[in-house]
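K.L.:
Shown below is the structure under consideration.
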Amino acid sequence: MKYVRRIIDQDLDLRVKAFGGINIVGPKGCGKTSTAKERCKTFIEFEDEDKRKGYLEVANTMPSLFLDYPLPILFDEWQDAPSVWGLVRKTSDDTNCFGTFFLTGSSAKKVNTPHSGTTRISTVEMYPMSLYESGESNGKISLKELFDNPGKEISAISPLTLPDLIKATCRGGWPRTLQIKDEAAKMLIAKDYFYQVVNEDISRIDGVKRDPEYTKAILKSYARNIGTLSKKNVLLEDSARSLGFSEDTFDRYVEKLKELYIIKDYDAWNPQIRSEKSLRSPKKHMFIDPSLAIAALEISPLYFSQDLDLFGHIFESLVYRDLTVYSQALHGSLSHYHDMFDLEVDSVLHLGDGRYALIEIKLGTKDIQKGESNLLEVERLIKESNKSHDSLKMRLPDLKIIITAGEFAYTLPSGVKVIPIGCLKD
């Protein structure tokens, strides 16, 4: 199958100029190995049963023998042979090489290495495919171009209907689905992923036996609270209601689910525009891919014909997934804003150079006015705060955006840009 270039490739193009080794981490099945293979001449795959014994023998006795192979080299499932980490680190030191080694492996395997690899091995996170990478967003609207030219008028039409988005969300951003023709069969990937996490990976990650029922209950609670700021006690009470496990058990399971790249919590943005007592700082709960939330809830695309409100919450997780992917190319990060007066902004995209965008996420057009009002009110608060603090003025938002499941991209008279997720790219 022809390789589909990923947005992370832009980041890798830069890292190979600075580091001898690149360690690509992220959820299983997101394309880490395929992306690394595109950059390597030799593939040392420790799960290849025909070669595994020989590879492990070399790794455990004289790993430098691997250097006889053509470079660059990929060490796939390198956690099975931790000595490879030391080989990459030392070779990068001794030869001052760049982009010579790639390390990939399952998130369900964790090993402790004797050396950090700092300045020699760079670790980069990879995520499931965005809609642009899967070929479903037409990419007519570029976030980078908007940041570079914020006053630009936009106009585009999304190719995705609401039923298209529901199917894409249930299917998930798993590259494997691109190879499957049958639509119903595509939906099995996320379901099987969820099953493996609950029954295998949650214990395999560190060799500690964990209860599948506990894992399932916690993930269902996260799915029911997706896109919310629910506090830990709410999630704990919801998930432990019938099973009765402790807070300590809950914490340990959540920690491992984050290490497995199943769930992800996004921090709050706390600008100095309200008193500290007015700001709410709980994290926003998301899944790495919304298809896993749907698998946890054990529902199908047809379910959303009777519960579009739930899809609105899961749609926010879809947008977060895509924004997380797009922000990597922009060297950015995501947060959210919510205060005690219930003024909120669903997402804030921060760039490393200080520029940022306030982003509201709305499923339907009927909520666009409310989203616009929220964005303008936060901007107004920043302006008011700046009047009171002459010596420390806060930057105004460079962009104000509403991301929708709708059809048309356009600019409102207020300057707020309305962009369908089916038109967006990095």
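K.L.:
Could you state how much accessible area residue 221 has, in square angstrom rounded to the nearest 10, with a 1.4 Å probe and all protein chains kept in place?
P.N.:
Approximately 0 Å² of residue 221 is accessible to the 1.4 Å probe.
K.L.:
Considering Cα pairs under 8 angstrom that are at least six residues apart, work out the relative contact order of the chain and quote it in whole percent.
P.N.:
18 percent
K.L.:
Once P(r) over Cα pairs in 10 Å bins from 0, in percent is worked out from the coordinates, which option in [x] 5, 22, 34, 25, 11, 3, 0; [y] 4, 15, 19, 19, 17, 14, 8, 3, 1, 0; [z] 4, 20, 28, 26, 16, 5, 1, 0 does it equal?
P.N.:
Computed from these coordinates, P(r) over Cα pairs in 10 Å bins from 0, in percent corresponds to label [z].
K.L.:
Could you tell me which helices of the chain pass both thresholds, a Cα extent of 15 Å or more along their own axis and a mean Kyte-Doolittle hydropathy of at least 0.5, with helices taken as whole DSSP H runs?
P.N.:
none
K.L.:
Counting only protein chains, not ligands or nucleic acids, how are 69, 3 ordered by accessible area (probe 1.4 Å), most first?
P.N.:
69, 3
K.L.:
Expressed in nm to one decimal, what extension gain is obtained for the pair residue 95 and residue 231 from 0.36 nm per residue of sequence separation less their Cα-Cα distance?
P.N.:
Extending this stretch completely gives an extra 44.0 nm.
K.L.:
Express in Å², to the nearest 10, the accessible area of residue 395 obtained by rolling a 1.4 Å probe over the protein heavy atoms while all chains stay in place.
P.N.:
110 Å²
K.L.:
Using a 1.4 angstrom probe with every protein chain in place, what is the largest-first accessible-area order of 313, 350, 336, 331?
P.N.:
331, 313, 350, 336
K.L.:
Okay, moving on. Placing +1 at every Lys and Arg Cβ and -1 at every Asp and Glu Cβ, with all other atoms neutral, what dipole size does the chain have around its Cα centre, in debye to the nearest 20?
P.N.:
Taking the Cα centre of the chain as origin, the dipole is about 340 debye.
K.L.:
If you filter segment 113-165 for trypsin sites (Lys or Arg not before Pro), then keep DSSP loop positions with at most 13 other Cβ within 10 Å, what is left?
P.N.:
Passing both the DSSP loop test and the Cβ count: 152.
K.L.:
Given a cut-off of under 8 Å on Cα pairs at least six residues apart, what relative contact order in percent is computed for segment 338-426?
P.N.:
It rounds to 25 percent for segment 338-426.
K.L.:
Could you compute the net charge surrounding residue 38? Neighbours are other residues with a C-beta less than 9 Å from the C-beta of residue 38; K and R count +1, D and E count -1.
P.N.:
So the surrounding residues net to +2.
K.L.:
Here is a follow-up. Exposed loop sites here are GluC sites (Glu not before Pro) in DSSP loop states with at most 11 other C-beta atoms within 10 Å. What is the longest stretch of the chain lacking them?
P.N.:
Within the chain, the longest run free of exposed GluC sites (Glu not before Pro) spans 154-426.
K.L.:
Given a 1.4 angstrom probe, what's the average accessible area per residue across the chain, in square angstrom?
P.N.:
46 Å²
K.L.:
Another one. Calculate, in nm to one decimal, what residue 386 and residue 185 gain on full extension: separation in residues at 0.36 nm each, minus their alpha carbon distance.
P.N.:
66.9 nm
K.L.:
What whole number of Å gives the distance from the Cα centroid of segment 116-146 to the Cα centroid of segment 358-410?
P.N.:
24 Å
K.L.:
Projected onto the charge dipole of segment 1-131 (+1 at Lys/Arg Cβ, -1 at Asp/Glu Cβ, origin at the Cα centre), which of 79, 10, 118 gives the Cα projection farthest towards the positive end?
P.N.:
So the residue we want is 10.
K.L.:
Under 8 Å for C-alpha pairs, at least 6 residues apart: give me the relative contact order for segment 1-154, rounded to a whole percent.
P.N.:
Here the relative contact order equals 35 percent.
K.L.:
What's the FRET efficiency of residue 242 with residue 305 using the Cβ-Cβ distance as r and R₀ = 30 Å, to the nearest 0.05?
P.N.:
0.55
K.L.:
Another question, if that's okay. Quick one: which of 32/109; 258/283; 2/32; 37/167 span more than 18 angstrom between C-alpha atoms?
P.N.:
37/167
The values are calculated or read from the model by the stated rules, or taken from the named source; none is laboratory data. A quick note: this is a predicted structure, and the numbers were derived from the prediction, not measured. Cβ: placed from backbone, ideal geometry, glycine included. Neighbour counts: every protein chain shown. Heads up: the accessible areas ignore ligands, DNA and RNA and are worked out on the full protein's heavy atoms, side chains in. Shrake-Rupley method; radii C 1.70, N 1.55, O 1.52, S 1.80 Å.
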